Amino acid sequence: MMDRQIRRLALAFLALFAVLFAQANYLQVFASSRYANNPANQRLLLQEYAVDRGDILARDGQTVLARSRPTKGKFEYLRVYPNGPLYADVTGYYSIVFGRYGAEASENDYLAGRAPELLPQNLVDEILGRPKRGATVVTTINAGLQQVARRALGSLPGGVVALDPRTGEVLAMVANPSYDPNPLASHDPAVVRQARRALLRAPGKPLLSRASQELFPPGSTFKLVTASAALENGMRPSTTFPNPPALQLPNSTAMLHNFGGEHCLGGAAQLTLAQALTVSCNVVFGEIGLRLGAAKLVEQAQKFGFDKAIPFELPFEEGSIPPVGEFAGALSFVATSAIGQQDVQANPMQMALVGAAIANGGVEMEPHVVKEIRDADGRVVKEIKPSVFGQPISARTSAELTAMMVSVVNAGTGTAAQIPGVQVAGKTGTAETPSGKPHAWFVSFAPARNPRIVVAVVVLNGGDLGSDATGGAVAAPIAKAVIQAALRG
Amino acid sequence: MQAATTLESRATRGTQLALTILAVILSVGAYVLVVLGKTGKAPPDIVAFVAAMSAAFLIAHFVVVRLAPGADPVLLPTAAVLSGLGYAMIYRLDPGRAGDQFGWLMLGLGLFVLTLFVIRDHRVLDGYTYTIGLAGVAFLLLPVAPGIGRTINGARLWVGVGPLVFEPAEISKVLLVIFLASFLNAKKELLAMATRRIGPLHFPELRYMGPLLVAWAISLAVLFLEKDLGSSLLFFGIFTAMLWTATGRASYLVLGVVLFAIGAFIGYSAFAHVQERVTIYLHALDPQHLHADGYQVAQAQFAMATGGMVGTGLGQGHPDLIPSVWTDFIFAAFGEELGLFGVTALLLLYVALIGRGFRAALAREDGFSKLLGAGLTTAVALQTFIIVGGVTRLIPLTGITLPFVSYGGSSLVANFVLLALLIRVSAPPPAHAPTRARGRPRATERAESQPTVQTPRGEPA
């Protein structure tokens, strides 16, 4: 009788369909993420671009750094950067081909309307049949200050960072060269690729921010760290050190010289710590470094955030100093590191944080560039509260350092930063480079008594002055311009 | 018997009516949702649509009730839901084609009714064995004929007569099932005779294995000449399944698998397009294939994966990124927009249809009816498995349609004719066997010894 076969046939097909069901489960549940996120799958991208992506605004809530414009075509919204290159370091870019970068990346969940806080608004939009709208990101950036910083830096290669030491808010962040994120946001993949290729080939690596991502020897600005270590480890501003014309480096025939081969303070036999910082005496600071030893120097640097992970929304490369072990066979390196040469590296953001700690009674706040998030209807859904990163130095040390930095500006290497009616505190840096054209640095804050702003500037390879450049001549004026604008407004 | 039939009929009639109405409601619902999703408003032709669908399916329902009393009540409504959902999805993908599909749906239902009308007892088909068989093969190989044969998408499966282009393989599928049901039923004892043994398997005389080898040769011919894996696989699969069902000999299954393997190997070695299908199956997501020949399969995978469990929602996904998504790949469109839930619902509908089909085969007493029922059901089941398997990349892709759902007139019409025959098989046949077409006693009469069926002559079995 055929019944047996028919029943078995039916069962066989049931089994086959069970396998089909299993395969569907595989595709749609188990391996769903893997396939859906395959870069060749445009669907998620199309879905993403169907959202009215939120704006990125300056702290005034008005100036638009990035916004979305509806377009015809399969990607429904185009990302537009009205002041493209000016805010590129902050906004990053939003690209079909190359994905997201900068604030566009870190705040993507909000900008794309996906964060859980936006669920109520999303629901309403869904019901009303409106396209999904992303949240607005209000940054801490002061639009006016950003423009001042940009103008002050001009076309000089380097970076400027301005932040509020009390809160860690980044008020301005400018780098040269920078780039225009607009072509990267084009809906035409060919345009995008071409733009990026050009950027990758361009000299100076425009896509890497000199303000926060690239690293350079900080030169004498690192003496702030060395001095901190000294003050935290028993030395006082009045502690004296011998002042030879040059320092004999241990285990080496090399000598450590001062800037320009000078003899600090006209050749005085001894210098105090405070004097040494004021005139930025390499010889004395080399000696201080040797007395402290590698361990204490490295430890202090790390307390400021060097070689640590400092939370920040934008891509940030923290400063670095070789680990203690590396100094074991090379004592002379301790001296050269103490003056911010050798293998010590930093960028304006890192040095601004050092300055901020000093300015804020020894408490280093975490930097942040996002102030608050508002939903598409303007309601604040998230406020970013200031957060402490650490306390690298005591309040007393910070007061002592502040006094020293005031004298740098009043009577030392930083006089170019003087502002009538405001007491500015600062430290210059003129970092030697292999090319002979030094990097010009200036780290400053004002007003010295209750600092409201910290500004760190680096101008690479001396800027206009080339090998004649100094931190005081090239970088300090830029910082002054920014501080003036900040305190005025 | 008559009284029982009437009682039974009334219950099944009621069920079928209810299910058919439900099917129409679901179809209309799907259509409205799609149009709402697309335009934000209800479809302007909603009244006409409801009227047409209701009229068409209710007429079909009444025809079944009148002309095939006692038929399985689930078959028609299930096919109705499938075709309704298919229509809605096609409308979502391409409203222009939806118009065509609607026309074909009406044509299919027309032929459905006609089939039930013309064939009052499917057993009459048993008398035209070889005629039907020849017609089946002829239709299968028709596209090879010069002049009217058309190659579309690399497969020479189509025939164009004037403005009309259709796929004769769909018709031949039905004809060949009828032929096989008749032929195998007549020859089943002969074919089942075991004279040799290899291990646990019994094999009949070599000459009796002829039919299997002929079938194999014909499927290879289809592969060779028409460059179509799908029809070739389907045909051979149906044949093997029916042969096994008729004889009960596992050896035929084994032989079938072996021949299939050999055929697949020959196909793979000899044909670039077969190799291509296998390569795409294995490497669709590799960079060099992803944007080239593997694009369609890759996009289908992405579509289903992006749909996830609940889907993106009708009209919210991007199934249009899959080339020709309205035909073979329509399953992926469901996967993307209705998610695993939607796809499971579709699969369950097919399982219901197939289950009831086999049930109908079991319910009948005579060999021809059983084989016919089993064969028709196998055709739908295997076709569905092959295409869903291909779309989900369980097996290599072949170019066949998803029954009742895919865009395609030939497929839709042929499947409704198939459905009519299946419904006919599911209904208890009239008391008298139909008169013979030829003088020789039909094998079915010889084989049967059912008291309800009166043989005209008292021939010994």
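The values are calculated or read from the model by the stated rules, or taken from the named source; none is laboratory data. What you are looking at is a predicted structure, and each value in this text was computed from that prediction instead of being measured. For neighbour counting, all protein chains shown are included, and Cβ atoms are generated from backbone atoms with ideal geometry for every residue, glycine included. Just so you know, the surface numbers come from the protein's heavy atoms only, side chains and all, with ligands and any DNA or RNA stripped out. Shrake-Rupley method; radii C 1.70, N 1.55, O 1.52, S 1.80 Å.
A compact table of results
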{"item": "Considering residues of region A:75-85 that are open to solvent by less than 30 Å² (accessible area, probe 1.4 Å) and among the hydrophobic types (A, V, I, L, M, F, W, C) only, the residue modelled with the highest pLDDT", "result": "A:V80"}
{"item": "Residues (more than 9 Å from every other protein chain (Cβ to nearest Cβ) and small (G, A, S)) located in region B:312-321", "result": "B:G313, B:G315"}
{"item": "Total residues in region A:299-337, condition in a helix (DSSP H, G or I), under 22 Å from A:V388 (Cβ atoms) and touching a helix residue (DSSP H, G or I) at 6+ places or on another chain (Cβ under 9 Å)", "result": "5"}
{"item": "B:L394 more than 20 Å from B:V74 (Cβ to Cβ), facing another protein chain (nearest Cβ under 10 Å) and either buried (at least 22 other Cβ atoms within 10 Å of the Cβ) or not aliphatic (A, V, I, L, M) (or both)", "result": "no"}
{"item": "Qualifying positions in region B:357-372 - surrounded by fewer than 20 Cβ atoms within 10 Å (Cβ to Cβ) and part of a helix (DSSP H, G or I)", "result": "B:R359, B:L362, B:A363"}
{"item": "Unmet requirement for A:G61, which otherwise passes all of (1) away from every other protein chain (no Cβ under 14 Å); (2) open to solvent by 30 Å² or more (accessible area, probe 1.4 Å); (3) of a type outside the set (D, E, K, R); (4) on the phi > 0 side of the Ramachandran plot", "result": "(2)"}
{"item": "Count of region A:26-43 residues which are surrounded by fewer than 17 Cβ atoms within 10 Å (Cβ to Cβ) and not hydroxyl-bearing (S, T, Y)", "result": "7"}
{"item": "Matching option when the condition is open to solvent by less than 60 Å² (accessible area, probe 1.4 Å) and not in a loop (DSSP other than H, G, I, E, B), among A:L123, A:L118", "result": "A:L118"}
{"item": "Search result, residues across region A:194-230 that are part of a helix (DSSP H, G or I), open to solvent by 10 Å² or more (accessible area, probe 1.4 Å) and of a type outside the set (K, R)", "result": "A:Q194, A:A195, A:A198, A:L199, A:L200, A:S220"}
{"item": "Cβ pairs under 8 Å, 6+ apart, first in region A:127-143 and at positive phi, second at pLDDT below 80", "result": "A:G129/B:G40"}
{"item": "B:T327 under 21 Å from B:G108 (Cβ atoms), facing chain A (nearest Cβ under 7 Å) and either at pLDDT 90 or above or over 14 Å from the mean Cα position of the chain (by Cα) (or both)", "result": "no"}
{"item": "Close pairs (7 angstrom Cβ cut-off, 6 or more residues apart or separate chains): under 17 Å from A:A185 (Cβ atoms) in region A:30-48, assigned to a helix (DSSP H, G or I) and open to solvent by 20 Å² or more (accessible area, probe 1.4 Å) anywhere", "result": "A:Q42/B:L321"}
{"item": "Among the candidates B:V388, B:V325, residue that is more than 30 Å from B:A186 (Cα to Cα), open to solvent by less than 20 Å² (accessible area, probe 1.4 Å) and not in a helix (DSSP H, G or I)", "result": "B:V325"}
{"item": "Subset of region B:19-50 (residues that are among the hydrophobic types (A, V, I, L, M, F, W, C) and loosely packed, with under 13 Cβ neighbours inside 10 Å)", "result": "B:A42, B:V47, B:A48"}
{"item": "Residue within region A:44-55 that is open to solvent by 30 Å² or more (accessible area, probe 1.4 Å) and at the interface with another protein chain (Cβ under 7 Å from one of its Cβ atoms) present", "result": "yes"}
{"item": "Neighbours by Cβ (under 9 Å, 6+ apart or cross-chain): first from region B:321-333, on the phi > 0 side of the Ramachandran plot; second surrounded by fewer than 24 Cβ atoms within 10 Å (Cβ to Cβ)", "result": "B:S324/B:N153; B:S324/B:Q296"}
{"item": "Candidate set from region A:126-135 (those that are within 12 Å of chain B (Cβ to nearest Cβ) and in a helix (DSSP H, G or I)); member that is least open to solvent (accessible area, probe 1.4 Å)", "result": "A:L128"}
{"item": "Region B:397-412, residues that are within 14 Å of another protein chain (Cβ to nearest Cβ) and either in contact with a Leu (Cβ under 8 Å, 6 or more places away or on another chain) or over 15 Å from B:L347 (Cα atoms) (or both)", "result": "B:L397, B:P403"}
{"item": "Of the criteria (1) within 14 Å of another protein chain (Cβ to nearest Cβ); (2) open to solvent by less than 50 Å² (accessible area, probe 1.4 Å); (3) modelled with pLDDT under 85, which one A:G99 fails", "result": "(1)"}
{"item": "Some residue of region A:249-265 being within 24 Å of A:A416 (Cβ to Cβ), open to solvent by 20 Å² or more (accessible area, probe 1.4 Å), part of a helix (DSSP H, G or I) and touching a helix residue (DSSP H, G or I) at 6+ places or on another chain (Cβ under 9 Å)", "result": "yes"}
